[in-house]
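The values are calculated or read from the model by the stated rules, or taken from the named source; none is laboratory data. These figures come from a predicted structure and were not determined experimentally. Using ideal geometry, Cβ is built from the backbone for each residue, glycine included, and neighbour counts are taken over all protein chains shown. We work out accessible area using only protein heavy atoms, side chains counted, and drop any ligands, DNA or RNA first. Shrake-Rupley method; radii C 1.70, N 1.55, O 1.52, S 1.80 Å.
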Amino acid sequence: MRSRKAFMYVPGSDLHKIEKAAGIGADCVVLDLEDGVAEGKKDEARQIIAQALLEIDFGPSERVVRVNSFASGRTVADLQAVLPSKPDAILLPKLEHDTQLLKLADMVSMQEDLALLAIVESALGMVNLGTICRASEKVHRLQGLVFGAEDFVADMGATRTPEGTEMLFARSRLVMYAAAYGLQAIDMVTVNYSDPEVLDREALQGAQMGYSGKQVIHPLQVAPVQRIFTPSEKEIAAAKHILEEAKRFGKVGKGAFTIDGQMVDRPVIKRAETVLARAGISVE
Ligand code: COA
Ligand code: MG
């Protein structure tokens with residue numbers, strides 16, 4: 001599955017920003033038709049995106065289109081406008097029911113090599129994660145789930161705090177279901193794009209929770225997010241050391257051993273393997 005570390009939104013109505021986004025080196029450029037586009041600009045945005053997909057070179061970035069939710073009544077027309085231009089992936093917002101996922105899969109069934117991604121961002125969507133994930137076993141195109149923090153907090157009638165405790169349960173729940181069903185998990189947006197410390201803190205939290213990437217809304221957020229979601233040299237060296245020691249102790253029949261005063265056993269080894277996998281280093 002392709003890496004989706006920096007998942008960058010661009011309003012589909014803004015050609016200048018789309019051109020700019022194409023050269024920034026984000027893992028994914030998400031051409032938005034939903035909440036980043038004003039009501040009166042939706043038709044124009046469809047045309048701009050359809051043309052941009054044909055004419056602009058996005059380099060190595062994945063070309064994702066965020067369509068409008070099923071509840072909006074716009075999804076079909078969005079897909080009809082953009083699918084002929086062959087995006088790499090469709091992102092469905094406000095996923096709440098397994099039936100919506102199955103319906104979307106049906107609507108794109110003729111498109112080869114099209115990935116699906118979905119945002120879960122309401123109380124109902126969070127409650128239904130079990131049935132949604134079970135349906136994903138029939139929809140192999142679904143590669144990842146995205147945590148929509150701002151909509152979720154609004155739907156809960158909760159208050160958005162700097163600590164984010166009001167959404168901690170949902171943020172944890174989503175990444176847990178994604179792990180259980182072999183899906184990628186893409187973390188919340190940090191709306192404060194002018195304070196690098198806030199971004200670093202929130203990105204690190206997400207990476208530590210097991211998220212594989214993060215939504216971003218401004219070019220300044222791309223490089224820090226890519227850095228934080230890529231294991232550091234120090235982490236890679238430590239992981240390699242653990243695997244070497246595991247091999248050495250394994251030969252003499254020891255499953256648990258000590259490195260620097262810390263016990264190492266199977267789960268520690270598994271985490272070391274994950275670090276190397278995330279760094280793109282293959283483990284024999
Ligand atoms: N994609 C591509 N380019 C972007 C960008 C984005 N998401 N956000 C900003 N830029 C560009 C600007 O166009 C500007 O380029 P320029 O100097 O050539 O004009 C440059 O980066 C610096 O931008 P800045 O002036 O700091 O911000 P802004 O006032 O132009 O835009 C936002 C601020 C928040 C409106 C803008 O970042 C944005 O639209 N983000 C995405 C919002 C969105 O899609 N929300 C829905 C999903 S959560
Ligand atoms: Mg949203």
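Listing for the model above:
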{"item": "Taking the stretch 196-261 and dividing mean pair separation by its residue count, relative contact order in percent (alpha carbons under 8 Å, at least six apart)", "result": "26 percent"}
{"item": "Expected 222 nm ellipticity per residue - DSSP helices of 4 or more, -39500 (n - 2.57), all of the chain, to 500", "result": "-13000 deg cm²/dmol"}
{"item": "Helix 196-209 vs. the chain, principal-axis angle (Cα, 0 to 90°, nearest 10)", "result": "70 degrees"}
{"item": "For Glu62, distant residues with modelled amide H under 5 Å away", "result": "Cys28, Val29"}
{"item": "Per residue value of the accessible surface for the chain (all protein chains in place, 1.4 Å probe), Å²", "result": "50 Å²"}
{"item": "Per-pair calculated FRET efficiency, R0 = 30 Å: Met110 and Asn192 via Cβ, rounded to 0.05", "result": "0.10"}
{"item": "Between helix 233-251 and the chain: long-axis angle, C-alpha atoms, 0 to 90°, nearest 10", "result": "50 degrees"}
{"item": "Pair Leu204, Lys254: separation of 7 Å Cα→Cβ label points (nm)", "result": "3.3 nm"}
{"item": "Those trypsin sites (Lys or Arg not before Pro) in the stretch 126-214 that DSSP places in a loop and that have at most 16 other beta carbons within 10 Å", "result": "Lys138, Arg160"}
{"item": "For the chain, with +1 on Lys and Arg beta carbons and -1 on Asp and Glu, the positive-most of Gln143, Gly255, Ile119 along the dipole", "result": "Gly255"}
{"item": "Spatially proximal lysines relative to Lys20 (Cα-Cα < 29 Å; intrachain offsets below 8 disregarded)", "result": "Lys5, Lys41, Lys42, Lys86, Lys94, Lys214"}
{"item": "Phi-based couplings in Hz for the stretch 148-154 (Karplus 6.51, -1.76, 1.60; Gly and Pro marked x)", "result": "x, 5, 5, 5, 4, 5, 5"}
{"item": "Cα-projected label distance for Ala279 with His97, points at 7 Å along beta-carbon direction, nm", "result": "4.7 nm"}
{"item": "Lys/Arg +1, Asp/Glu -1 at C-beta; the stretch 1-95 dipole; positive extreme among Leu53, Val65, Ser3", "result": "Ser3"}
{"item": "Simple Cβ-charge dipole of the chain, Lys/Arg +1 and Asp/Glu -1, about Cα centre, in debye nearest 20", "result": "940 debye"}
{"item": "Cα-based equivalent ellipsoid of the stretch 1-141: semi-axis lengths in Å, sorted from largest, via gyration tensor", "result": "24, 16, 14"}
{"item": "Rounded tilt (10° steps) of 42-55 against the dominant C-alpha axis of the chain", "result": "60 degrees"}
{"item": "Reachable lysines, given that their alpha-carbon falls under 17 Å from the alpha-carbon of Lys138 and they are not under 8 places away in the same chain", "result": "Lys103"}
{"item": "Length added when fully stretched, Lys234-Glu163, from 0.36 nm per residue minus Cα-Cα", "result": "22.8 nm"}
{"item": "Dmax and Rg, reported as Rg then Dmax, of the chain (C-alpha, Å)", "result": "20.0, 70"}
{"item": "FRET efficiency, His140 to Met263 (Cβ-Cβ, R0 51 Å, nearest 0.05)", "result": "0.85"}
{"item": "Reachable aspartates and glutamates, given that their alpha-carbon falls under 15 Å from the alpha-carbon of Lys254 and they are not under 8 places away in the same chain", "result": "Glu244, Glu245, Asp265"}
{"item": "For the stretch 1-44, size of Cβ-based charge dipole, Lys and Arg +1, Asp and Glu -1, in debye", "result": "340 debye"}
{"item": "Positive-end extreme of charge dipole, the chain - chosen from Leu199, Gln184, Val264 (charges on Cβ)", "result": "Val264"}
{"item": "Solvent-accessible area of Met176 with every protein chain in place, 1.4 Å probe, in Å² to the nearest 10", "result": "120 Å²"}
{"item": "Accessible area of the stretch 90-150 belonging to carbon and sulfur atoms, whole % at 1.4 Å probe", "result": "51 percent"}
{"item": "Whole-Hz couplings from phi, Karplus 6.51/-1.76/1.60, listed for the stretch 99-109; x for Gly and Pro", "result": "4, 5, 5, 5, 5, 4, 4, 5, 5, 10, 4"}
{"item": "Under 5 Å, built H, 5+ apart or other chain: amide partners of Val146", "result": "Ala118, Ile119, Val120, Ile186"}
